[in-house]
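A.B. asks: There's a structure below that I have some questions on.
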Amino acid sequence: MIKNSLARFGVVAAALALPALSWAADKESIQPKGKNVVEETKEPCVTGDLGANVVSQYVTRGLILENQGGIIEPYADLYIKVYNTDAFKAQINVGVWDSFHSRHTDQGSVGGTHTSSTPNWFESDFTAGMTFTFMKNLAITPSYFTFMSPNDAFTTFQGLNVKATYDDTELLHAFALHPEVQVLWELDNKAGTGPSKGVYYEVGIAPTIPTGPLKDLSLTVPVTVGLGSHNFYGQVVDASGNLRQDNLGYVSVGANASYALSFIPKCYGAWTVNAGATYYYLERVLANFNTPATGGDIRGSHRNEVVFSGGLALA
């Protein structure tokens, strides 16, 4: 009797214990095990960068606006994702860029006054636009540009810029060229040297040079050609005394090095230092315009200019 009772008790106990043991095993399999658990991290929807560069000359679209004294150019950008899939992405871009000169460049040229309270603040630019990326590689960015001069060196400019870039890394791998094209329409006042509103065209590539085991070092060789409509760069009198149209503004070839400061903890962002040199060949209209700034004959060496730069950036 006692044995039968014990047998029945054992059967009942086992029946009750099996579900508990089964649940305990399942619980053990799904419980986190300390450092073995890896939490999935999501890319932020809002990113940005900021930095500052020191340059030997301020050159924009082939125009030399200053080549003496100290020149520092700080900037900041903000990027906001609004749509993100593998096939299509959309992003809002907002940026500011400034140029400060020790020589008070062209202070008071607008209005004939030299009483600006910010004589070193030559230029302040604001851009706003969107980037649309198709199939991860093709990006098109329409943007509104406005260039202002806090020291009254020039009249405020407004324009519409459209830029297209293509990431050909998957096609050419280490020999990728990273081509880009952009067009700038002058809407209000001038960004070029011509007599009236025109259009500026730019084409370029920026191949990367492999650096082997130096993973923190990045080397690029950007090549850019700047073109303009007859109203953007204007005309020049040639050696025969005839007016000649210069649609070609300049050709530039650069060599840029960027080094990641990987010893800085990632929680403080990605810090890099950079240095570079860019050679400019200037066509006659631009050489003529730049003569007062560079000093010398337009047929001399000042059709060839080299700009050195260096800076610090945080992304």
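A.B. asks: Taking 8 Å as the Cα distance limit and 6 or more residues as the minimum spacing, I'd like the relative contact order of the range 173-294 as a percentage.
C.D. replies: Once divided by the residue count of the range 173-294, the mean separation gives 21 percent.
A.B. asks: Right, something else. Semi-axes of the equivalent ellipsoid of the range 176-224: what are they in whole Å, largest first, if each equals the square root of 5 times a C-alpha gyration tensor eigenvalue?
C.D. replies: Calculated on Cα positions only, the semi-axes equal 35, 10, 8 Å.
A.B. asks: Enter the accessible area of D246 (Å², nearest 10), with the probe set to 1.4 Å and all protein chains included.
C.D. replies: Spelled out: D246, probe radius 1.4 Å, area about 10 Å².
A.B. asks: With only alpha-carbon pairs counted, each pair once and no self-pairs, how large is the Kirkwood hydrodynamic radius of the range 177-284 in angstroms?
C.D. replies: Values: mean 1/r = 0.0602 Å⁻¹.
Over the range 177-284, the inverse of the mean reciprocal pair distance is 16.6 Å.
A.B. asks: Order D77, D168, most accessible first, counting only protein heavy atoms with a 1.4 angstrom probe.
C.D. replies: Largest accessible area first, the list is D77, D168.
A.B. asks: Between the range 136-194 and the range 62-84, what's the alpha-carbon centroid distance in Å?
C.D. replies: Going from one Cα centre to the other spans 12 Å.
A.B. asks: What does the charge dipole of the range 162-315 about its Cα centre add up to, to the nearest 20 debye, if the Cβ of each Lys and Arg holds +1 and the Cβ of each Asp and Glu holds -1?
C.D. replies: Details: 9 positive and 13 negative charges, 50 e Å.
Value, rounded to 20: 240 debye.
A.B. asks: Follow-up. Could you state the accessible area per residue of the range 72-129 in Å², with a 1.4 Å probe and every protein chain left in place? Intermediate values should be presented prior to the final figure.
C.D. replies: Details: 3140 Å² over 58 residues.
So the range 72-129 comes to 54 Å² accessible per residue, rounded to a whole number.
A.B. asks: Ranking request for peptides 150-162, 80-92: highest mean number of other beta-carbon atoms within 10 Å first, then the rest in descending order.
C.D. replies: 150-162, 80-92
A.B. asks: Additional query: Working from the alpha-carbon coordinates of the range 40-199, get Rg over Rh, Rh being the Kirkwood radius.
C.D. replies: Here the Rg-to-Rh quotient is 1.03.
A.B. asks: Once the whole set of protein chains is in place, how much accessible area is left on M130, using a 1.4 Å probe, in Å² to the nearest 10?
C.D. replies: Per-residue accessible area (M130): approximately 60 Å².
The values are calculated or read from the model by the stated rules, or taken from the named source; none is laboratory data. What you are looking at is a predicted structure, and each value in this text was computed from that prediction instead of being measured. When we count neighbours, we look across all protein chains shown, and the Cβ atoms used for this are built from the backbone with ideal geometry, even at glycine. Side chains included, ligands, DNA and RNA excluded: accessible areas come from the protein's heavy atoms. Shrake-Rupley method; radii C 1.70, N 1.55, O 1.52, S 1.80 Å.
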